[in-house]
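The values are calculated or read from the model by the stated rules, or taken from the named source; none is laboratory data. Predicted model only: the values in this text are computed from it and were never measured. As a convention, Cβ positions derive from the backbone with ideal geometry for all residues, glycine included, and neighbour counts pool all protein chains shown.
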Amino acid sequence: MFRNVDWYDIWLATLDTLLMLFGSLLFTVLIGLPLGVLLFLTGPRQLLQNRAIYGVLSLVVNVLRSLPFIILLIVMIPLTVLLTGTSLGVAGAIPPLVAGAAPFFARLVETALREVDRGIIEATQAMGASTRQIIWNALLPEARPGIIAAITVTAITLVSYTAMAGVVGAGGLGDLAIRYGYQRFQTDVMVVTVVLLLCLVQILQVVGDRLVIHFSRK
Amino acid sequence: MIEFHDVYKTYRVNGRDIQALKPTSLSVRAGEVFGLIGHSGAGKSTLLRLINRLEEPSGGRIVVDGVEVTALAPEGLRRFRRQVGMIFQHFNLLSSKTVADNVAMPLRLAGEMPPAAIRARVAELLRRVGLSEHADKYPAQLSGGQKQRVGIARALATGPKILLCDEATSALDPQTTAQVLQLLAEINRELGLTIVLITHEMDVIRRVCDRVAVIEDGAIVEQGPVVDVFLHPRHPTTVRFVQEAEQIDQDGLREDFAHVSGRILRLTLKGETTHAPLLGRIARATGVDYSILSGRFDRIKGVSYGQLILALVGGDFEAALRQLQAADVHVEVLR
């Protein structure tokens, strides 16, 4: 049992996966959240309704989302090198991970914001709030449970993306699974990595759900 | 306080212009409760939102408290809106904030009051609407009536001169409606606040409004003091609203009257005349006999009124009519 498994390697790979996951999640939220807010605001019949901006943003988001992640990984290599100096390891994986996940996350944020009752926006406007104040004081607090749920879904998507990133030399559990579990027929390594990834997803989902419940006041 | 000069609003829907409000002139006096009644889609909601420019007018001038609202730039408009409170049918409270934080929100957005002063003001407002012990609850934990009270406290936070009420009681049960209307009347009296409210219930108008305008198809079809509009509705829409409010079954009455002999009159009594011992005296003096077919007595804004439908037989009908009119009774001969 587990005779091919080098637990130290597994440990390092797990660390790499966690680094890639949370590093890319951080940038995904930093980029995706404003993008989602902008998509929402410039959308039809919204506060900053703007056909041109919405159209362009929407197109970019759709293009990035329709690209299979594995293709994105390869296409992104020159840009990644430009940004991080390498296309390998954790640093090399984060740009394509963010490029893959941020548009997805932005759409989820847009949807979460659309769930906010228009009446609340109207009431905040009637108080004399500026658009910036409406975003910070009404929209984001009201959409918080939805945004947390979006972060959870995105984090889980990123877990599977990090596994794929292994293909272009990103390291992590996925890389281990492909190189040892698949290419060298070491089924025990495959089982261990898959179980670890499963646990990771499970933990993310449970924590996310708890947070959503905590912040839901309905 | 609020003046509309030929204000109109058209929407463009699927390449077609829809006139939500036809050119309308209107004047609301300082300190009064002004009611706008109409069916859904009549344009009352548009009219209300034009006052604080939540809806942009397509043309015309709106002047509020000497300020030409239609000419305000964004920053000026935001400052102006702080002087106009607004409450809503579905309360529109932030579910993510506590009652106290909801009430504090307009003050925090204005950013002119130090936190300690905001806390004190919020406590005072919650006391006024009777919700002091609910300050730390979330809206979801409150009943509908309590939520609307929070809405009222929030609308009053910045000390506005005008309160706009958008179907404020339409989502509430009759008892809660009465309480909320009472609170509004109290605020109007004690703070001298000008209130504009829209509703589709004549009963709401009767309970709190000084004057009323009836709106249909984007135009005001009738307006005046509530007592007058209520007792002598002219436009068919107004007549229907009054009948609904008084639960008058017009067809049923007509059927009943068919079996009654003699002339039929509707008398409207108002103010002191309402309780004067008129009928007996006039009957004795003119020899007519009367029977009461239907009647209602009530008060609107402190004015008592009565409306009776009588059948008169025998005696000197013309003399009775003259004496009634001489006694300041409004008489309509129905048959």
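Structure data summary
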{"item": "Boolean, B:L125 is outside any helix (DSSP H, G or I), out of contact with any Ser or Thr (no Cβ under 7 Å at 6 or more places or on another chain), of a type in the set (A, V, I, L, M) and at pLDDT 95 or above", "result": "no"}
{"item": "Residues within the stretch B:287-335 that are under 18 Å from B:R266 (Cβ atoms) and in a helix (DSSP H, G or I), tallied", "result": "9"}
{"item": "Which numbered condition A:F40 fails, given (1) in contact with a Lys or Arg (Cβ under 7 Å, 6 or more places away or on another chain); (2) modelled with pLDDT under 90", "result": "(2)"}
{"item": "Which listed residue is closer than 30 Å to B:C165 by Cα and either touching an Asp or Glu at 6+ places or on another chain (Cβ under 8 Å) or at pLDDT 90 or above (or both), from A:E110, A:E122", "result": "A:E122"}
{"item": "Those helices (runs of 4 or more DSSP H) lying entirely in the stretch A:42-127 with at least 2 residues more than 14 Å from chain B (Cβ to nearest Cβ), of a type outside the set (D, E, K, R) and within 30 Å of B:I87 (Cα to Cα)", "result": "A:89-114"}
{"item": "Residue among A:R45, A:R51 that is under 29 Å from B:T158 (Cβ atoms), out of contact with any Phe, Trp or Tyr (no Cβ under 8 Å at 6 or more places or on another chain), at pLDDT below 95 and charged (D, E, K, R)", "result": "A:R45"}
{"item": "Subset of the stretch B:71-94 [farther than 21 Å from B:L191 by Cα and either without any contact (Cβ under 8 Å) to a residue 24 or more places away in the chain or surrounded by fewer than 19 Cβ atoms within 10 Å (Cβ to Cβ) (or both)]", "result": "B:A71, B:L72, B:A73, B:P74, B:E75, B:G76, B:L77, B:R78, B:H90"}
{"item": "Count of residues meeting criterion [within 19 Å of B:A157 (Cβ to Cβ) and within 13 Å of chain A (Cβ to nearest Cβ)] in the stretch B:40-93", "result": "18"}
{"item": "Residues within the stretch B:137-166 that are within 11 Å of chain A (Cβ to nearest Cβ), part of a loop (DSSP other than H, G, I, E, B) and not hydroxyl-bearing (S, T, Y), tallied", "result": "3"}
{"item": "Among residues of the stretch B:84-109, those that are of a type in the set (G, A, S), outside any strand (DSSP E or B) and under 30 Å from the mean Cα position of the chain (by Cα), counted", "result": "3"}
{"item": "Filter result for the condition that a residue is surrounded by 19 or more Cβ atoms within 10 Å (Cβ to Cβ) and over 22 Å from the mean Cα position of the chain (by Cα), over B:I292, B:I205, B:I198, B:I282", "result": "B:I282"}
{"item": "Qualifying position, being touching a residue at least 24 places away in the same chain (Cβ under 8 Å), out of contact with any Ser or Thr (no Cβ under 9 Å at 6 or more places or on another chain) and among the basic types (K, R), among B:R240, B:R234, B:R206, B:R189", "result": "B:R206"}
{"item": "Filter pass, A:V159 being within 16 Å of the chain's Cα centre (by Cα) and either modelled with pLDDT of 90 or more or farther than 21 Å from A:M20 by Cβ (or both)", "result": "yes"}
{"item": "Tally of residues being surrounded by fewer than 22 Cβ atoms within 10 Å (Cβ to Cβ) and not charged (D, E, K, R) across the stretch B:209-219", "result": "1"}
{"item": "Of residues in the stretch A:67-119 being without any contact (Cβ under 8 Å) to a residue 12 or more places away in the chain and of a type outside the set (A, V, I, L, M), the one nearest to A:M164 (Cα to Cα)", "result": "A:P68"}
{"item": "Qualifying residue in the stretch B:53-68 (condition: touching a residue at least 40 places away in the same chain (Cβ under 8 Å), in a helix (DSSP H, G or I) and in the same structural domain as B:S132 (by TED's automatic domain parsing))", "result": "no"}
{"item": "Out of B:G35, B:G41, sole residue that is modelled with pLDDT under 95, assigned by TED's automatic domain parsing to the domain that holds B:S143 and either over 30 Å from B:S132 (Cβ atoms) or among the basic types (K, R) (or both)", "result": "B:G41"}
{"item": "Counted residues, the stretch B:97-108 - those being at the interface with chain A (Cβ under 8 Å from one of its Cβ atoms) and without any contact (Cβ under 8 Å) to a residue 12 or more places away in the chain", "result": "1"}
{"item": "Test: A:L204 is surrounded by 16 or more Cβ atoms within 10 Å (Cβ to Cβ) and more than 17 Å from the chain's Cα centre (by Cα)", "result": "no"}
